[in-house]
1. In debye, nearest 20, what is the charge dipole magnitude of the chain about its Cα centre with +1 on Lys and Arg Cβ and -1 on Asp and Glu Cβ, if you could check?
2. Candidates (1) -0.32, -0.51, -0.62, -1.19; (2) -0.36, -0.56, -0.68, -1.16; (3) -0.55, -0.66, -0.72, -1.02; which is the computed log10 I(q)/I(0) by the Debye sum over Cα atoms at q = 0.08, 0.10, 0.11, 0.15 Å⁻¹?
3. Quick one: Karplus J couplings for region 124-137, per residue in order, coefficients 6.51, -1.76, 1.60, θ = phi - 60°, nearest Hz, x for Gly and Pro?
4. At 1.4 Å probe size, with no ligands or nucleic acids counted, give the accessible surface of Asp18 in Å², nearest ten.
5. Roll a 1.4 angstrom probe over the protein heavy atoms and tell me the percent of accessible area of region 137-204 that is carbon or sulfur.
6. If ligands, DNA and RNA are left out, what is the accessible area of Ser205 with a 1.4 Å probe, given in Å² to the nearest 10?
7. Quick query: amide H of Asp75 versus all other amide H atoms, modeled in the peptide plane; which residues come in under 5 Å with a sequence gap of 5 or more or a different chain?
8. Amide H to amide H under 5 Å from Gly120: which residues, 5+ apart in sequence or cross-chain, H placed 1.01 Å off N in plane?
Amino acid sequence: MTPTGKWRSSILRIYWDDQEQPSVECPVGDFFACGWNKYAQVSSLAVCVNPGSAFNCYWPMPFRKRCRITMENRDVDPMTLYYQIDYALDSVPDECAYFHAQFRRTNPLPLKQVYTILDGARGKGHYVGTYMAWGVHTTGWWGEGEIKFYFDGDKDYPTICGTGTEDYFCGSYNFENQTTKQYQEFTTPYAGLAQVIRPDALYQSQMRFGLYRWHINDPIRFESELEVTIQALGWRSHGRYNPLQDDIASVAYWYQTLPTAPFPKLPENDYLEVI
């Protein structure tokens, strides 16, 4: 798929079988792990983004009756879209679940609140991936927060609790190149820091990051429900945590049985716009 125009203004939706509720609803750039309207190469098993702005998706998407894929252009300017969809007509096992992807954005995150990547997922399934477009509003390190997976009756404590944002995305120690002492982009089959947007000392004033993690070999399975959150934490003086009020957007990717619970309504275009 190769869209022109503003990627956050182009909304991808996928509907399975007889559902009126989409199981995939996401700005096209974020779905393909490029949420900041700037090209970044992504070389992973599930998604590849290649020169120039060629979006390729390899998530398996089985369906039993029919599939409907739509693109909505919310921008005032026209969008040109080139695409190719490959599929095979074959039997689908009874236990096979349906692919889902849901976008969210909070800007700024309210003070001392956790960021919700996914909640309200109801059914049996497995979680397979996270993409995050993280815009930092402060100086210093921003990735000390823990990702948490609550499922199947978890209340106060999650079944899975991470050790830090960069650890979840398979990096370490600030994603720092130990030679240059700068952030180091990387893209691998299962995880990456594919995008680092650095200030230019003029209009581009904020640090922005694009990160992905695919749970292909390590899916997170749930029987009835799933919620995923992540803390936004940095450091302040005297070794104290600094709750951040950053610009955070995400895409959650998972498989589950139907029906799909209604998604939160997408924000208006001005709220989605990258500025």
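The values are calculated or read from the model by the stated rules, or taken from the named source; none is laboratory data. Since we're looking at a predicted model, the values are computed, not measured. Cβ placement follows ideal geometry from the backbone for every residue including glycine, while neighbour counts extend to all protein chains displayed. Heavy atoms of the whole protein, side chains included, go into the accessibility calculation; ligands, DNA and RNA do not. Shrake-Rupley method; radii C 1.70, N 1.55, O 1.52, S 1.80 Å.
1. Working: 24 positive and 32 negative charges, 82 e Å.
The dipole magnitude comes to about 400 debye.
2. (1)
3. Ordered by residue, 3J(HN,Hα) equals 9, x, 8, 8, 10, x, 9, 10, 9, 10, 10, x, 8, 9 Hz.
4. Asp18 exposes around 100 Å² with every protein chain in place.
5. Numbers: 2070 of 3970 Å².
Carbon and sulfur: 52 percent of the exposed surface of region 137-204.
6. Accessible area, nearest 10 Å²: 70 Å².
7. none
8. HN-HN under 5 Å from Gly120: Leu226.
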